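Below is one structure, written out as structure tokens, with a few remarks after it.
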Amino acid sequence: MANVIVVVGAGVSGLTSALLLSRNKANKITVVAKHMPGDYDIEYASPWAGANMLPMADDENSRWERRTWPELKRLTEEVPEAGIHFQKARVYRRVKDEEANYSDTLFHANPWYMSMLPDYRELSQEEVIPGHDSGCEFTSVCINTVIYLPWLLGQCVKNGVIFKRAVLSKIQEAKLLSHTGQPANIIINATALGSLKLGGVKDTAMIPARGQVVVVRNECSPMVATSGTDDGETEMAYIMQRALGGGTILGGTYDMGNWESVPDPNIANRIMQRAVRVAPELAGGRGIEGLSVIRHGVGLRPYRQGGVRIEDEVLEDGTSVVHNYGHAGWGYQGSYGCAERVVELVDEIQRGKN
Ligand code: FAD
């Protein structure tokens, strides 16, 4: 029996779920969303991401990132038009940030991902930048989201997925939005922060984690991330150069509960100052005067207290919903692992019905 599936949401979570589901020709898939690739909106996190792979989960919860890396690596090697390139990443740690960062594996010594990401090594003291105590280096990727999101959409279309704009006030409405004209028997909820207000879901565990960035024309390799800054708890320092001339992202902030969509010029100034401090070569040693700004941006990471929600639920009318939302700051680097779980859940639902 064919599965009539409506995916709600066209960010990286909805698109990757639709792509993996569309590999099964028995699935008739429609993606409906308020925002689509090409849009820039505060309610749409995906275009604002760097996006790179800097693992954050602890070993126990590492499935999503572990299962995603091989596919990102394959795409980088074999599918240049997807807009992903390899980049070395350097992570610098300060002892004084250890307590604040105890849950973030990225800054642990000997993390689980040292066996996954190629060329992992601890930096020598001479390689650690001033003001930091230790660090490591490994090969990662940087995804140009401007290229990658339309590429994902195109791969879905090639597999027969139909895309439609729609703004839902409750998840049940998705049932009547399939292009087939038949009612959907499975809905995939990939609405991220939208799940806070979406009727039938209204998940109050969802909180925005505001991220402000500056995108510059300057190029800089390796990518950089530091364990903390002296500019306040919500401020971070990271640099990543996007593939295919996509510019370099300077970050940033991680500000929980802040919905402000307008970039703050003072924060932007601090982001640029920190970037040229950790990587003077970024601006040819000329300080922030040497930066050529493309744009300032703000995105809201879809943070969920208690972690990502990937599970199925049966609505009162018998429709099955598979949720895939709440990826905070790791939606790309966990995208294939999470979408793979969505496929498993859809297959289980289908088996239960047969
Ligand atoms: P979204 O992209 O927000 O998509 C949600 C979709 O649901 C949209 O299409 C929206 O229109 C739709 N929707 C919502 N409500 C409704 C409704 N009621 N009706 C119809 N449609 C609806 N991740 C990484 O892996 N690596 C990084 O380096 C990285 N860097 C980041 C830097 C910044 C500054 C930010 C902000 C995020 C970063 N992230 C990174 C996190 C990543 O961007 C998110 O985890 C990811 O984009 C979430 O994708 P999503 O598809 O779940 O949500």
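Every number here is computed from the coordinates shown, using simple stated rules; none is lab data. Note that the coordinates shown come from a computational prediction; the quantities given were computed from them, not determined experimentally. Every residue, glycine among them, receives a Cβ derived from its backbone with ideal geometry; neighbour counts consider all protein chains shown.
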Exercise for the section: Take peptides 309-320, 88-99 and line them up by average Cβ neighbours within 10 Å, highest first, as a rough protection proxy. Expected result: 88-99, 309-320
Handout entry: Cα pair count fraction exceeding 16 Å, expressed as % - the range 8-68
Key = 58
Problem - Dipole axis of the range 61-106 (+1 Lys, Arg; -1 Asp, Glu on Cβ), positive-most option in Thr105, Ile84, Pro70 - result: Thr105
Practice task
May I have the count of lysine pairs in the chain with C-alpha atoms under 21 Å apart, counting pairs 8 or more residues apart or located on different chains?
Solution key: 21
Exercise for the section: Go through 250-256, 123-129, 262-268 and give me the packing order, highest mean Cβ count within 10 Å leading. Expected result: 250-256, 262-268, 123-129
Handout entry: Ellipticity estimate at 222 nm from DSSP helix runs (n ≥ 4, -39,500 (n - 2.57)) divided over the chain, nearest 500
Key = -6500 deg cm²/dmol
Practice task
Would you please put 223-231, 138-146, 164-172 in order of how densely packed they are, using the mean number of other Cβ atoms within 10 angstrom per residue and starting with the highest?
Solution key: 138-146, 223-231, 164-172
Practice task
Taking only the C-alpha atoms, wrap a convex hull around the range 302-354 and report its volume per residue in Å³ as a whole number.
Solution key: 77
Practice task
Determine the dipole magnitude for the range 2-103: charges of +1 sit on the beta-carbon of Lys and Arg, -1 on that of Asp and Glu, nothing else is charged, the reference point is the Cα centre, and the result goes in debye to the nearest 20.
Solution key: 320
Completion exercise
Rounded to a whole number, the Stokes-Einstein D of the chain in µm²/s (Kirkwood radius over Cα pairs; 37 °C; 0.692 mPa s) is 158
